[in-house]
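See below for the structure under consideration.
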Amino acid sequence: MDSDDSVIRVPYQQIPTSSGTKLPVPLVSIGLSHGPVLFKRSFEALVDSGADDCVFPTSTARDLGIDLLEARTERRRGVGGSEQVFIHAVNLHFGPYVINIDACFMEHLPISGLLGRRGFFEHFRITFDPAGSTPGMEFERVFRS
Amino acid sequence: MDSWIAISQDGSRLVAVGKSFGEVSHRLDELGDEDSVILKTPEEWIPMIL
């Protein structure tokens, strides 16, 4: 991750595939916190303009000390069907920014996290450049009044 | 597969495996590893449509 005063630049991660090639994937390192629990390490989450919300596995909620019995439940639909999600406020840490979001926690999420429009895209002007000499993304924080 | 993993920063080495982010993070603490990258793997390593 590289950043100046207002723009965070992140290269695409090159993920190996079963065919032996590498696939550029828009992953960024984020952290989460809830109350006194702050993840001291970051993990990789997918920047996904097709996702309505920011979504994480339910195991991550448990790591944060969140009691999912107290969370609001709703359903979310994906390409493979619909599933119940648990919605709970957390702090999302990205670069120098800490943003309070309502995150969705899902039992069967196949990856570490999705950064969707509500909670992530609404806070950044995002440029995807998969064709550049260094394929990557730029994030400029947007503050709305 | 379907696990949380930590891989070395250059992507060449699997450093830790666990059932949750917390488990992998704890394992890295034990190893004194500050640099590895943590992510969750899908059940099958194929291109995804989410």
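Please treat every number below as a calculation from the coordinates, not as lab data. The structure presented is a predicted model; accordingly, all values stated were derived computationally and were not measured. Neighbour counts are summed over all protein chains in view; Cβ atoms, including those assigned to glycine, are modelled from backbone coordinates with ideal geometry.
Observations, loosely collected:
- Separation of the residue A:14 and residue A:83 label points, Cα + 7 Å toward Cβ, nm: 3.1 nm
- Among the trypsin sites (Lys or Arg not before Pro) within chain B, those in coil by DSSP and having at most 10 neighbouring Cβ atoms inside 10 Å are B:13.
- Fluctuation leader among A:105, A:121, A:39 - chain A, Gaussian network, Cα springs under 10 angstrom: A:39
- For residues of B:6-16, the mean tally of beta carbons on other chains within 10 Å: 1
- Cα point-scatterer Debye curve for chain B, base-10 log of I(q)/I(0) at q = 0.28, 0.32 Å⁻¹: -1.05, -1.22
- The charge dipole of chain A, taken about its Cα centre with unit charges on the Cβ atoms of Lys, Arg (+1), Asp and Glu (-1) only, comes to about 100 debye.
- Among B:36, B:20, B:12, residue whose mean-square fluctuation peaks in a GNM of chain B (springs only between Cα atoms under 10 Å): B:12
- Shielding by partners - mean other protein chain Cβ count within 10 Å, residues of A:107-119: 2
- Comparing Cα centroids, segment B:9-23 and segment A:20-76 end up 16 angstrom apart.
- Near-label residues of segment A:112-128 by backbone N, under 16 Å of a point 7 Å along Cα→Cβ of residue A:7: A:124-128
- Within the listed set A:19, A:29, A:133, the Gaussian network model of chain A (springs between alpha-carbon atoms below 10 Å) gives the highest mean-square fluctuation for A:19.
- Rounded to 10°, Cα long-axis angle of helix B:21-31 versus longest principal axis of chain B: 40 degrees
- Gyration tensor (alpha-carbon) shape descriptor, segment A:99-145, a/c threshold 1.5: oblate
- By definition, a body whose alpha carbon gyration tensor gives a ≥ b ≥ c is prolate when a/c is 1.5 or more and a/b is larger than b/c, and segment A:11-144 fits this prolate description.
- Prolate/oblate/rounded label for segment A:48-112 (Cα gyration tensor, a/c 1.5): oblate
- Residues A:69, B:14, arranged from fewest to most other Cβ atoms within 10 angstrom of their Cβ, appear as A:69, B:14.
- Scoring A:70-76, A:57-63, A:98-104, A:21-27 by mean Cβ neighbours within 10 Å over their residues and listing the highest first yields A:57-63, A:98-104, A:21-27, A:70-76.
- Inter-label distance for residue A:118 and residue A:52, nm, one decimal - labels placed 7 Å from Cα along Cα-to-Cβ: 0.7 nm
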